[in-house]
Amino acid sequence: MKHKGTIQKVISLVQKLQPGMLPVIFFTRVISSGHPFVNLIFSAKILDMVIRKETMESIMAVVWQMVLIEAVIAVTRWGLEKIIIIKKRVLSEQVYQMICEKTLVLDYEVLERKETLEMIQRAEEGMNSQGDLGSFCDELGQILDRICSIIYAVVMLVPLFLPGVMTQDTWLVRVLNSPFSVFIPLMAIIFSLMAATRLQKWMQGKQQINFERNVKLNRTFGYFFSFIWDYAQGKYVRLYDMQDMIMKEIRSNQAQVEGNAREMIGEMHKSGILEAIVLLLLQITSYVYIGLKATLGLISVGNVLKYIGAFQQFYMAVQSITYSYVNMELRSKYLSYFYDFMELKNEKYDGTLPIEKRDDNEYVIEFKDVSFHYPNSEEMVLNHVNTQITLGGKTAVVGKNGAGKSTFIKLLCRLYDPTEGQILLNGIDIKLYDYEEYIRLFSVVFQDFQLFSASLAENVAASKEYLQEKVQACLEQAGFGQRLAQMPEGIRTNIYQVEDNGVEISGGEAQKVAIARALYKDAPFVILDEPTSALDPVSEYEIYQHFNELVEDKTAIYISHRMSSCRFCDKIYVFDQGQIVQVGNHDQLMQHTDGIYRQLWEAQAQYYQQA
Ligand code: ADP
């Protein structure tokens, strides 16, 4: 990304998020850049007055003027910088919120990719390094500060290069008194700047390499750190004695981070020493040039201070601008990670058709020759699936592990689009419907459902706002009523330990809450992927018994390994190797003695009988 493009993007974003911040930064910089010059001008004036033996009163008057101007600058600067710090802090939070919001609206398919996860990591890492917007604005302010310093210094230095009154006529005096003598310090400055810029570029290259290495290392470390911290994983860590393995991984990761840091510090020292030598050579040149002019009577002694100071300010300002330029390149690169992520497009076609709100709930979903493979693999997971799901009744989806049952559901909910074929809702391709409206048709509980560390009510309503009675009713319907009665604050009780006074609930209880959440959504299709895997037999029996009431006139689709649950269903799909190989009700399917359904059923029945 080019600097100019980045600068424009940053300015417009900062103006939008924190209007007023940039003008305050720029104003502060214009004021603060004048500060050293006030000091130089007044010091030179006071020194010359002392040399001319002027009265104490007149000298003190100048001293007071200096103190007053400096105090005004310092107080103004202090006040403005306080405002900037607060604004920068808020800005940084706003940017993190933007990253979160963007992540939340990404297509599931895009989010799942390793490259996307790495992009998020980079955007965040970039912000933590040198790519945050606040620092970028500071850098812009710094450049303005330096431009002002250069202007002030040049104005101050002009008299140094004007011919003075010659008291002697030697070649040295003539050379130094000529305006062309400006080339002596100028050449020294150009040489120093070239050397300093090369050093800086070299250093930035090293930093970039270090950044790339750290993105990978921090991602790994972040993974292990969250693993340790996750107390749900804690039991596996202890039961399988995994502490040693995890600590070895962490130590090896940290050793690499440390190695990188050592290498960087070594490089920084080297470049620091070289920079100091360059600056020293330049200072010697300026001292000799200005010192000689003063010794030969071409400038006053008081002005030596002023010119040396201005000269130094000039050099430092130009050097700082070249540094800032190189820095901007690096910052732009880090910021480009943020913009790349923010500009990441969802690839899924999002239609605009509204979903017809049907009072009769007459929805028909049809899979038409649907085949699918996951984006990260070429292997077809669903092969030419053809079926119609009409509203009403209960449908079971059964099959061995890996047969494609969950994938079928994910396609139905449009978490992915088919690789081939179409899915139609009431005859229209589901891609053409507005996605938000389409997804309202489904309440889904996946196997890996997650509850938040928040109140029970918020978990059930999936929102901060909820209808108390409805939450209560759904929890009771899902079989959580008894446990709810023991909760210290009823539906307002926080679950899990992240919240203060969070109550722990068991896996089976959590599954009931997840089912209550699906019921609360009140969608026409209720899909439960392994709905009762964590429930005890009594709860499971109850859930199936009451399912008619639970789902009422809705369509329920269960994926289940418990073949006994199929008895409650009107229709059963049997999946095998990505295909629907059998459809029918329990009795019909049992008649096919060599069918997969019967095999699955008998395998489980035999197991129960043996037990
Ligand atoms: P089932 O629900 O019948 O157990 P799935 O639909 O979960 O089966 O999986 C079908 C196949 O797809 C399996 O071989 C599984 O490894 C593969 N699979 C599932 N999820 C992904 C994914 N996110 N990326 C790649 N392959 C996947």
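Nothing in this text is a laboratory measurement; each read-out follows from the coordinates by a stated rule. Quantities reported herein were computed from a predicted structural model and do not represent experimental measurements. Positions of Cβ are generated from backbone atoms using ideal geometry, with glycine treated the same way; all protein chains shown enter the neighbour counts.
A few points about this structure:
- Loop-located chymotrypsin sites (Phe, Trp or Tyr not before Pro) across the stretch 163-269 with a Cβ neighbour count of 14 or fewer within 10 Å are TYR240, with loop assigned by DSSP.
- For the stretch 445-525, applying the loop criterion from DSSP together with a ceiling of 10 other beta carbons within 10 Å to the trypsin sites (Lys or Arg not before Pro) yields LYS464.
- When the Cα positions of MET316, THR28, GLN243 are compared along the charge dipole of the chain, MET316 comes out farthest toward the positive end, with charges on each C-beta of Lys, Arg, Asp and Glu.
- Exposure proxy for ASP522, ASP594, ASP145, ASP132: other Cβ atoms within 10 Å of each Cβ, ordered fewest to most, give ASP594, ASP522, ASP132, ASP145.
- Amide H contacts of MET487: none lie under 5 Å away among residues 5 or more positions distant or on a separate chain (H built 1.01 Å from N in the peptide plane; Pro and chain starts excluded).
- Given +1 at the Cβ of Lys and Arg, -1 at the Cβ of Asp and Glu and no other charges, the dipole of the stretch 6-342 around its Cα centre is 560 debye to the nearest 20.
- Cα lying deepest toward the dipole's positive end in the chain, options TRP64, LEU133, LEU17, charges on Cβ: TRP64
- Sequence-distant residues sharing a close amide H with LEU391 (under 5 Å, placed H): TYR363
- Sparsely packed trypsin sites (Lys or Arg not before Pro) within the stretch 1-42, loop by DSSP, other Cβ within 10 Å at most 16: LYS2
- With both residues required to sit in the chain, DSSP beta bridges show an antiparallel share near 50%.
- In sequence order, the stretch 267-276 has phi-based couplings of 5, 5, 4, 4, 5, x, 5, 4, 4, 4 Hz under the Karplus curve 6.51 cos²θ - 1.76 cosθ + 1.60, θ = phi - 60°, and Gly or Pro positions carry x.
- Lys, Arg +1 and Asp, Glu -1 on Cβ, resulting dipole of the chain about Cα centre, debye, nearest 20: 3400
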